[in-house]
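First the structure, in the form of structure tokens, and then the observations on it.
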Amino acid sequence: MGKRVVIFGATGNTGLCSLRAAVENGLDVRAYVRDKAKIPDDIKNKVESVVGDVINAKQVADAVADRDAVVVALGTRNDLNPTTVLSQGLKNIIDAMKAHNVERISVCLSAFLFYKPEAVPAIFKDLNADHQRMFDMIKMSGLKWVAILPPHIADTPKSKYTITFDSSPGRAISKHDLGAFLVECLDNPDYYQKVCGIATTS
């Protein structure tokens, strides 16, 4: 793929792993962050940091300009309250991609989207509702999108993992493997416009 990528949510749990994977893969990496200080010292000089808010459409558009691909690893940390920030952010990202003729995007969502709504644990219902809005939006976008729906994101080392389309192959995935797949899938047309489950192979 083109070498220029922008990562949204680049200092979150998964986003940092995507950021590191992109640097290790030799890409030209732009990190869109709220706080530059959260970028680890050892890769700080290897990425271009852009401070902004994902709900600010102009800041998002400027960050997407001149990129070849986009990684979206937006999250709410541990805040499970009702939100539209993630879906509003993704709308701004999609609009910016169309304005700047950027086609490829990977989006980290959640394996709860494979469940029937009544099967989603109550505590996650509000967050899942915004993930559903993101999911609907990306599928309608007409872009070369990859939707990745991870199960429990574990703080475990890299290992073997498997990808399945339209279903979840297991109960957990290493954040390092998930972060790397978000970057590497953009290079593989087999994944374009696919809904990917991912899990560690036990």
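For the reader, a short list of remarks on this structure follows.
- Taking the centroid of alpha carbons for each part, the range 33-69 and the range 125-202 are 22 Å apart.
- With R₀ set to 25 Å, the beta-carbon distance separating F165 from E48 gives a calculated FRET efficiency near 0.15.
- Estimated FRET transfer efficiency (K3, V85; beta-carbon r; R0 25 Å; 0.05): 0.25
- Comparing K144, K98, K116 in a Gaussian network model of the chain (Cα springs below 10 Å), the most mobile by mean-square fluctuation is K116.
- Extension gain from A129 to D35, taking 0.36 nm per residue of separation minus the Cα-Cα distance: 31.2 nm
- Length released on extending from N101 to E118, taking residue separation times 0.36 nm less the Cα-Cα span: 2.3 nm
- For K194, nonlocal amide neighbours, meaning residues 5 or more places apart or on other chains whose placed amide H falls under 5 Å from its own, are A147.
- Working from label points 7 Å from Cα in the Cα-to-Cβ sense, the T201 to E24 distance is 1.8 nm.
- Value of Rg to Rh for the range 15-129 (Rh from inverse mean 1/r over Cα pairs, i.e. Kirkwood): 0.99
- Rounded to the nearest 20, the Cβ-based charge dipole of the range 4-200 about its Cα centre (Lys and Arg +1, Asp and Glu -1) stands at 120 debye.
- Couplings for the range 145-151, taken from phi via the Karplus curve 6.51 cos²θ - 1.76 cosθ + 1.60 with θ = phi - 60°, read 9, 10, 9, 10, 10, x, x Hz in order; Gly and Pro are left as x.
- Within-14-Å neighbourhood charge of P157 [Cβ basis; K, R +1; D, E -1]: +2
- For the range 104-120, Karplus couplings with θ = phi - 60° (6.51, -1.76, 1.60), whole Hz, Gly/Pro x: 9, 8, 10, 10, 8, 10, 7, 5, 4, 5, 7, 7, 5, x, 6, 8, 6
- Nearest-0.05 FRET efficiency for T156 and R77, computed from C-beta distance (R0 25 Å): 0.80
- Shape category assigned to the range 103-180 from the gyration tensor of Cα positions, a/c cut at 1.5: oblate
- Within the listed set I43, I138, I93, the Gaussian network model of the chain (springs between alpha-carbon atoms below 10 Å) gives the highest mean-square fluctuation for I43.
- Using θ = phi - 60° and Karplus 6.51 cos²θ - 1.76 cosθ + 1.60, couplings along the range 92-101 (whole Hz; Gly, Pro as x): 5, 5, 4, 4, 5, 4, 5, 5, 10, 6
- When the solvent-accessible area of the chain is split by element, carbon and sulfur atoms take up 51 percent of it, the probe being 1.4 Å.
The values are calculated or read from the model by the stated rules, or taken from the named source; none is laboratory data. All figures in this text were calculated on a predicted structure; none of them were measured in a lab. Glycine also receives a Cβ, built like all others from the backbone with ideal geometry; neighbour counts cover every protein chain displayed. Accessible surface areas use protein heavy atoms only, side chains included; no ligands, DNA or RNA. Shrake-Rupley method; radii C 1.70, N 1.55, O 1.52, S 1.80 Å.
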